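Okay, so here's the structure we're looking at.
The values are calculated or read from the model by the stated rules, or taken from the named source; none is laboratory data. Worth saying up front: this structure is predicted, and the values here are computed from it rather than measured. Because the Cβ atoms are built from the backbone with ideal geometry, glycine has one as well, and the counts that use them run over all protein chains shown. When the accessible area is computed, the model is the full protein with side chains, heavy atoms only, and any ligands, DNA or RNA have been set aside. Shrake-Rupley method; radii C 1.70, N 1.55, O 1.52, S 1.80 Å.
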There are 2 protein chains.
Amino acid sequence: MFTLAEENYLKAIYHLEKESKSGVSTNAIAVKLNTQPSSVTDMVQKLAHKKVLSYQKYKGSFLTKEGKKIATNVIRKHRLWEVFLVEKLKFQWDEVHEIAEQLEHIKSEELIKRLDAFLDHPDFDPHGDPIPDENGNIKPTEKKLLSELQKDQRGICVGVKESSSQFLQYLDTRNIGIGTTIKVVDKEEFDDSMTIQVGETQLHITDKIAHNLYINTN
Amino acid sequence: MFTLAEENYLKAIYHLEKESKSGVSTNAIAVKLNTQPSSVTDMVQKLAHKKVLSYQKYKGSFLTKEGKKIATNVIRKHRLWEVFLVEKLKFQWDEVHEIAEQLEHIKSEELIKRLDAFLDHPDFDPHGDPIPDENGNIKPTEKKLLSELQKDQRGICVGVKESSSQFLQYLDTRNIGIGTTIKVVDKEEFDDSMTIQVGETQLHITDKIAHNLYINTN
DNA sequence: TTTAATTTTTAGTCTTGTCTAAACTTATGG
DNA sequence: CCATAAGTTTAGACAAGACTAAAAATTAAA
Ligand SMILES: [Mn+2]
Ligand SMILES: [Mn+2]
Ligand SMILES: [Mn+2]
Ligand SMILES: [Mn+2]
């Protein structure tokens with residue numbers, strides 16, 4: 001059995017591993033979890049001992065198959081709870097992360113099985129992130145960053161990379177959400193900003209925004 | 001803010017206080033929480049320092065107003081989650097306690113407010129226990145133990161005193177649940193056992209059963 | 001290829017919550 | 001009313017997780 005703290009470490013390392021392509025550095029984990037590097041060293045040594053990750057001094061950490069299983073299961077629970085909070089309890093999509101951060105640690109296989117059924121086996125959470133199945137499999141989805149689109153290309157917003165409250169509320173006020181059709185009207189090479197069409201209105205956005213919206217172009 | 005362990009202590013002491021009428025003994029808390037008396041002494045001293053209970057060496061503990069507020073709030077959350085698990089996720093009434101024991105510690109006022117609304121502001125949990133309101137008020141209900149009924153008296157089962165899996169499953173197999181009408185057909189003075197009528201069938205029960213069923217006679 | 005900067009680990013402490021063993025109070029029964 | 005039992009508290013220890021300060025390894029710069 002894994003503690004709340006251990007689960008949080010495994011989840012963080014899982015996410016970092018996807019970005020970094022190599023071993024996950026102690027510092028990166030510390031930044032993500034808002035702790036000190038020395039605390040991370042202690043924990044990864046313990047987790048290595050428990051065989052959920054491999055670790056070599058100064059070389060960083062890799063999750064083992066077992067570690068990935070646990071991480072994806074926590075992520076599955078997190079995202080299912082987020083769906084519950086938005087779909088059933090009518091929370092806004094920017095309000096659910098904190099609460100799901102707690103709920104993801106509730107221990108009961110049966111609970112998650114039933115929650116999943118209650119929610120009609122959703123494939124994505126309210127931020128467009130895919131929900132892993134019971135075995136940790138995540139079906140790959142067609143999506144690119146809005147910043148990768150060319151002038152005059154259009155697509156549907158299928159997710160957000162960042163999901164901070166500030167960003168989500170920014171999107172809310174501009175009527176951008178999952179499912180919204182977005183067309184690139186113009187791109188400015190100099191600062192990577194672009195003008196986009198959302199419904200009837202045109203909107204000028206910075207590259208920071210464009211780099212955090214996932215688009216499906218089909 | 002109170003930790004999970006502190007909340008469990010406050011809840012346990014709250015329940016024990018209702019039974020004992022005087023100060024709650026260190027031993028009683030230890031038994032209820034499955035810990036050692038020495039651990040309890042440490043904790044009640046800490047909680048006394050935090051002003052949620054009053055404690056005198058060798059004299060036991062009393063919750064303060066503040067302590068009762070926290071305890072009833074945890075109980076409110078526990079029971080609301082139990083309703084959710086049974087009403088929405090279709091768990092059996094004997095399967096929900098363990099899970100609610102974890103869920104009761106999730107921290108979010110808003111979550112509970114919305115959960116309560118989602119469940120249509122229930123007054124009782126699946127075991128017939130009343131759900132305290134946001135201020136900790138519990139509306140008193142008319143109920144007595146089945147063992148207190150006289151021969152030929154009848155009433156409706158409105159709750160269980162014990163809620164162990166064994167007992168609840170015993171009731172299930174005999175078609176006794178919340179809302180079931182029960183009539184006392186006969187009482188045996190010698191061993192306090194009784195014969196009761198449930199629907200079409202008669203049933204002989206021991207005093208242990210009769211002492212754990214709450215009945216409303218109106 | 002040394003030196004300096006950065007990253008990581010170790011050593012030592014702390015808090016929370018638990019335990020055992022021993023000491024101390026209170027309650028009981030002769 | 002005193003001796004023993006029962007209940008309770010203290011003393012000392014431990015595991016989990018965190019932190020600070022200092023040492024060591026790695027990387028980058030000169
Ligand atoms: Mn978490
Ligand atoms: Mn999400
Ligand atoms: Mn609990
Ligand atoms: Mn209950």
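Across the range A:13-24, coupling constants 3J(HN,Hα) worked out from phi with the 6.51/-1.76/1.60 Karplus curve, θ = phi - 60°, read 5, 4, 5, 5, 4, 5, 7, 8, 6, 10, x, 7 Hz, and Gly and Pro carry x.
Qualifying chymotrypsin sites (Phe, Trp or Tyr not before Pro) in the range A:41-99, where qualification requires a DSSP coil assignment and no more than 10 other C-beta atoms within 10 Å, comprise A:Tyr58. At 4 °C and a viscosity of 1.567 mPa s, what translational diffusion coefficient does Stokes-Einstein give for chain A, taking Rh as the Kirkwood radius over Cα pairs? Give it in µm²/s as a whole number. Rounded to a whole number, D works out at 69 µm²/s.
Close amide H contacts of B:Gln153 (hydrogens built in the peptide plane, cut-off under 5 Å, sequence separation of 5 or more or a different chain): B:Val184.
Using the alpha-carbon atoms, what tilt in degrees (0 to 90, nearest 10) does helix B:37-49 show relative to the longest principal axis of chain B? Computed tilt is about 60 degrees. Starting from the Cα of A:Ala117, move 7 Å in the Cα-to-Cβ direction to define the label point; list residues of the range B:93-112 whose amide nitrogen is under 16 Å from there. From the range B:93-112, the list is B:93-96. Label points for B:Ser165 are taken 7 Å from Cα along Cα→Cβ. From this copy to the others they lie 4.0 nm apart, shortest first.
Answer with one residue from B:Leu213, B:Ile176, B:Val31: the one whose Cα lies farthest towards the positive end of the charge dipole of chain B, charges on Cβ with Lys, Arg +1 and Asp, Glu -1. It is B:Val31. Distance between the 7 Å Cα→Cβ label points at A:His15 and B:Asp152: 7.1 nm. Among rounded, prolate and oblate, which fits the range A:55-126 when a ≥ b ≥ c are the square roots of the eigenvalues of its C-alpha gyration tensor, a/c under 1.5 means rounded, and a/b larger than b/c means prolate? Taking the square roots of the gyration eigenvalues as a ≥ b ≥ c, the range A:55-126 is prolate. Springs between Cα atoms under 10 Å define the GNM used for chain A, and in it the highest mean-square fluctuation of A:Pro130, A:Pro122, A:Pro140 occurs at A:Pro140. When a/c is below 1.5 the answer is rounded, else prolate if a/b is larger than b/c, else oblate, so apply that to the protein assembly as shown with a ≥ b ≥ c taken from the square roots of the Cα gyration tensor eigenvalues. Prolate, since a/c reaches 1.5 and a/b exceeds b/c. Computed about its Cα centre, the charge dipole of the protein assembly as shown is approximately 1180 debye, with only Lys, Arg, Asp and Glu carrying charge at their Cβ. A straight Cα-to-Cα reach below 12 Å connects B:Lys107 with the aspartates and glutamates A:Glu98, A:Glu101, B:Glu7, residues fewer than 8 places away in its own chain not being considered. Once you reduce the range B:169-191 and the range A:1-68 to the center of their Cα atoms, the two points are 56 Å from each other.
Across the identical copies, the label point of B:Gln36 (7 Å from Cα in the Cβ direction) is separated from its matches by 3.0 nm, in order from shortest.
When only Cα pairs below 8 angstrom with a gap of at least 6 residues are kept, the range B:1-152 shows a relative contact order of 20 percent. Taking θ as phi - 60° and the Karplus parameters 6.51, -1.76 and 1.60, the scalar couplings of the range A:175-183 work out to 6, 9, x, 4, x, 6, 7, 10, 10 Hz in sequence order, x denoting glycine and proline. With point charges of +1 on the Cβ of Lys and Arg and -1 on the Cβ of Asp and Glu, referenced to the Cα centre of the range B:4-63, which listed residue (B:Met43, B:Asn8, B:Ser61) lies farthest in the positive direction of the dipole? Toward the positive end, the furthest listed residue is B:Ser61. Relative to the longest principal axis of the Cα atoms of chain A, the long axis of helix A:65-83 makes an angle of roughly 50 degrees.
The dipole here belongs to chain B: it is taken about the Cα centre, uses +1 on the Cβ of Lys and Arg and -1 on the Cβ of Asp and Glu, and is about 920 debye. In this assembly of identical copies, the label point of B:Lys113 (Cα plus 7 Å along Cα-to-Cβ) is separated from its counterparts by 3.6 nm, sorted shortest first. For the range A:67-218, the relative contact order comes to 23 percent (Cα pairs under 8 Å, sequence separation of at least 6). Listed here are the pairs A:Lys88/A:Lys151; A:Lys88/B:Lys65; B:Lys18/B:Lys208; which of them are more than 27 Å apart at the Cα? With Cα atoms farther than 27 Å apart: A:Lys88/A:Lys151; A:Lys88/B:Lys65.
Under 5 Å from the amide H of B:Ser193 lie the amide H atoms of B:Glu188, B:Asp207, each residue being 5 or more positions distant or on a separate chain, with H modelled from the backbone and absent for Pro and chain starts. Of the trypsin sites (Lys or Arg not before Pro) in the range B:110-218, the ones in a loop by DSSP (not H, G, I, E or B) with at most 11 other beta carbons within 10 Å are B:Lys151. Averaged over the residues of A:102-115, the number of partner chain Cβ atoms lying within 10 Å of the residue Cβ comes to 4. Loop-located chymotrypsin sites (Phe, Trp or Tyr not before Pro) in the range B:104-199 (DSSP state other than H, G, I, E, B) with a sparse environment of at most 12 neighbouring Cβ atoms within 10 Å: B:Phe190.
Cross-link pairs exceeding 32 Å in C-alpha to C-alpha distance, out of A:Lys77/B:Lys51; A:Lys90/B:Lys69; A:Lys32/B:Lys68; A:Lys77/B:Lys143; B:Lys50/B:Lys90, comprise A:Lys77/B:Lys51; A:Lys32/B:Lys68; A:Lys77/B:Lys143; B:Lys50/B:Lys90.
In the assembled protein chains, A:Ser108 presents an accessible area of approximately 30 Å² (probe radius 1.4 Å).
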